[in-house]
Every structure is written in structure tokens, then in C-alpha cells.
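Chemist: Please read through the structure below; I'll follow up with questions.
The values are calculated or read from the model by the stated rules, or taken from the named source; none is laboratory data. Please read all numbers here as calculations on a predicted model, not as lab measurements. Note that each Cβ is placed from the backbone with ideal geometry, even for glycine, and that neighbours are counted across all protein chains shown. These accessible areas exclude ligands, DNA and RNA; they are computed on the full protein's heavy atoms, side chains included. Shrake-Rupley method; radii C 1.70, N 1.55, O 1.52, S 1.80 Å.
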Amino acid sequence: MARINYVELPVGDVPAARAFYADAFGWTFTDFGADYSCTMTGDVDLGLNGDAAQAIRQILPVIEVGDLDACQASIEAAGGRVTLPIFAFPGGRRFHFADPQGHELAAMQAG
């Protein structure tokens, strides 16, 4: 079953954001370059995205799916629209989409 497994925050300063969440909650982060850091608990994780080319203005819920291409087709058939085409990242592939109400989310496939 598809489920939200990740929440991504757009941040202007990754080290400062990482320090805040580490200090406030005791979370441990893994860095992927200078512009990205995330928790890797295997539950619902938190990503801190400092890449202005990928970050959106609001919190980005990420839904893990088994077949990314089929998911994209289902989203489009249901009235959603792709806002960022499929791209690879260190944990797999994902794309961003807007639902018919305009909320932006992402779908990802691990691998």
C-alpha cells in the first residue's frame, strides 16, 4: 500500500536547520552534499532541502509507491498534474505533482 514515508522541508540554511532539529529532538542526519540532509530511520523521515532548483515553498509530503511510472499515469488520469518530472536521487527516483486542489506532493520509488 502506498503511504507517506517522507516529509521534505525547503530550507535556506541546511546546517542551521539540521542543528535545530538535532538539538530539539535528538535526531541524527545524513548529509547528501551541501544542499541536502535527512534522517534515515526507516519510518517517516525528514529531509532538509537547500537546493533552490528543487525545493518548493511548503512542506512536501512524499508517498512511497511500488511502480513510479504506473503511479504517475494514475495521478494524471485522476486529474493531477506533474510539476517536476521524474528524476533520480540517492534513494531511488521521484516526481512532484499537484492534486486537483493545488497541493504539491511527491511520489517516490526506492531503489
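Chemist: Between beta-carbons, use under 12 Å as the cut-off and find the net charge around residue 34, counting Lys and Arg +1, Asp and Glu -1. Spell out each step's value before the answer.
Modeler: Numbers: positive: 18; negative: 13, 31, 35, 51.
It works out to a net charge of -3.
Chemist: Please give the charge dipole size of the chain, origin at the Cα centre, charges +1 on K and R Cβ atoms and -1 on D and E Cβ atoms. Round to the nearest 20 debye.
Modeler: The dipole of the chain has a size of about 120 debye.
Chemist: Still on this structure, please answer the following. Over the Cα atoms of region 33-111, how large are the radius of gyration and the largest Cα-Cα distance (Dmax), in Å?
Modeler: Expressed in Å, the Cα Rg and Dmax of region 33-111 come to 12.5, 37.
Chemist: Provide the net charge surrounding residue 49, with neighbours chosen by a C-beta distance below 10 Å and charges set as Lys +1, Arg +1, Asp -1, Glu -1.
Modeler: Details: positive: none; negative: 8, 35, 51.
Once positives and negatives cancel, what remains is -3.
Chemist: OK, next. Accessible area per residue for the chain in Å², computed with a 1.4 Å probe and the full protein assembly in place, what is it? Walk me through the numbers before you get to the answer.
Modeler: On the way: 6400 Å² over 111 residues.
Each residue of the chain exposes 58 Å² on average to a 1.4 Å probe.
Chemist: Also: Spelling out what I want: for every residue of region 100-110, take phi, set θ = phi - 60°, compute 6.51 cos²θ - 1.76 cosθ + 1.60 (Karplus), and round to whole Hz; glycine and proline get x.
Modeler: My calculation for region 100-110 gives x, 8, x, 6, 9, 9, 9, 10, 9, 10, 5 Hz in order.
Chemist: Mind checking the angle between helix 68-77 and the chain's longest principal axis? C-alpha axes, 0 to 90 degrees, to the nearest 10.
Modeler: Tilt relative to the chain: about 60 degrees.
Chemist: Whenever you get a sec, compute what percent of the accessible area on region 16-70 sits on carbon and sulfur atoms (1.4 Å probe). Before the final figure, lay out the partial values.
Modeler: Working: 1750 of 3290 Å².
Ligands and nucleic acids excluded, carbon and sulfur reach 53 percent.
Chemist: Mind checking which of 63, 89, 25 is farthest towards the positive end of the chain's charge dipole, using Cβ charges of +1 (Lys, Arg) and -1 (Asp, Glu) about the Cα centre?
Modeler: Checking the options against the dipole of the chain, the answer is 63.
Chemist: Could you give the angle, 0 to 90 degrees to the nearest 10, between helix 14-25's Cα long axis and the longest principal axis of the Cα atoms of the chain?
Modeler: 80 degrees
Chemist: For the chain, with a Gaussian network of springs between Cα atoms less than 10 Å apart, report the residue from 94, 18, 57 with the top mean-square fluctuation.
Modeler: 57
Chemist: Moving to a separate point now. Measuring from centroid to centroid over Cα atoms, what is the spacing of region 92-111 and region 1-30 in Å?
Modeler: Result: 18 Å between the Cα centres.
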